[in-house]
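I have a structure I would like to understand better, so I am pasting it below and will then ask my questions one at a time.
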Amino acid sequence: MKKYIKDLTPETVIKRLRQGEVLTADTGKTIELLDGLLVAKDAGDWAVGVVIGTRDITQMYFDDPEPQIEIKVGGFYRTRDDRKAFVFSKNSEGKYCVVIENELPYAVFEDGAVFDYDDDNKDLIEIWIDKPVIVTRGKNHEVIDMLKAGKTYDCIKQECNVSKNTILKLKKEMGLPVRCRKSKVNYDEIKDLISKGYKNQEIADKLGLKYTTIANFIWKHPELKRSK
């Protein structure tokens, strides 16, 4: 792809020549920088210490590689230094206007190269793709599995080595009922379970309470004691 030097600043042209790039014209003439001197070659002839004249400025170009990406207004792209850049417009000169968060806008050519070549790190090199969020399976997932399986607080605390507060928090996040401390023992609920033949440990497991809590509650309410 031809990048005519008339579209570049003198500083950019010199910088690219110092980097070893060669100016070319459709006539076959070339100009390159060797040992600090401009050397022109044309049809087998060559000259040292030449200057880039007005005709050269309009006819000569750098032969840039074809763009590897297609720049579009409204697209996000990755810069050479791995930052997210947004192309917000295309100016009258055909250059794309780009902005990176917390920085001033700048321009790039259609191949993504920075206009003034002062900061190659801002070149657009590929379309930006948000990196996937990798969720690792941790201890909380084990607690959730046990809650889904109906395991008791004591069982979960022992198996997963977590606090009761952690279990309560996960239950809330899962939308499972969580009993308030003031009303953790419900008389009618326990009476109903006893009438259905539930034993103390089974009631404790079902309500997420300790066995001793159920036993003490029944002891305080003799009418709930089972007939032998």
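The values are calculated or read from the model by the stated rules, or taken from the named source; none is laboratory data. Values in this document were obtained by computation on a predicted structure and should not be read as measured data. Cβ atoms come from the backbone with ideal geometry, glycine included; neighbour counts cover every protein chain shown.
Against the condition touching a Pro at 6+ places or on another chain (Cβ under 6 Å) and either of a type in the set (Asp, Glu) or in a loop (DSSP other than H, G, I, E, B) (or both), how does Asp111 come out, does it pass?
Yes; evaluated as a whole, the condition is true for this residue.
Could you look through the stretch 150-192, keep only residues that are part of a helix (DSSP H, G or I) and either among the small types (Gly, Ala, Ser) or in contact with a Phe, Trp or Tyr (Cβ under 7 Å, 6 or more places away or on another chain) (or both), and pick out the one that is modelled with the highest pLDDT?
Restricting to residues being part of a helix (DSSP H, G or I) and either among the small types (Gly, Ala, Ser) or in contact with a Phe, Trp or Tyr (Cβ under 7 Å, 6 or more places away or on another chain) (or both), the top hit is Ile190.
Now, a different point. Could you tell me whether any residue of the stretch 81-88 is in contact with a helix residue (DSSP H, G or I) (Cβ under 7 Å, 6 or more places away or on another chain) and within 23 Å of Ile129 (Cβ to Cβ)?
yes
Now a separate question. Can you pull out every residue in the stretch 201-228 that is touching a helix residue (DSSP H, G or I) at 6+ places or on another chain (Cβ under 6 Å) and in a helix (DSSP H, G or I)?
Hits for the stretch 201-228 are Gln201, Ile203, Ala204, Tyr211, Ile214, Ala215, Ile218, Leu224.
Checking the conditions here, which among Asp7, Asp42, Asp63 is touching a Lys or Arg at 6+ places or on another chain (Cβ under 7 Å), on the phi < 0 side of the Ramachandran plot and in contact (Cβ under 8 Å) with a residue 60 or more places away in the chain?
Testing whether each residue is touching a Lys or Arg at 6+ places or on another chain (Cβ under 7 Å), on the phi < 0 side of the Ramachandran plot and in contact (Cβ under 8 Å) with a residue 60 or more places away in the chain leaves just Asp63.
Okay, moving on. How many residues are over 17 Å from Trp46 (Cα atoms) and either free of Cβ contacts under 8 Å to residues at least 24 places away in the same chain or of a type in the set (A, V, I, L, M, F, W, C) (or both) when one looks only at the stretch 18-32?
3
Sticking with this one: Residue pairs, Cβ under 6 Å, 6 or more apart or interchain, first in the stretch 185-208 and touching a residue at least 24 places away in the same chain (Cβ under 8 Å), second in a helix (DSSP H, G or I) and aromatic (Phe, Trp, Tyr). List them.
Taking only residues 6 or more apart or on different chains, the pairs are Val185/Phe217; Ala204/Tyr211; Gly208/Tyr153.
When both residues are 6+ apart or on different chains and their Cβ atoms are under 7 Å apart, which pairs have a first residue that lies in the stretch 92-108 and is basic (Lys, Arg), and a second that is modelled with pLDDT under 85?
Lys95/Phe115
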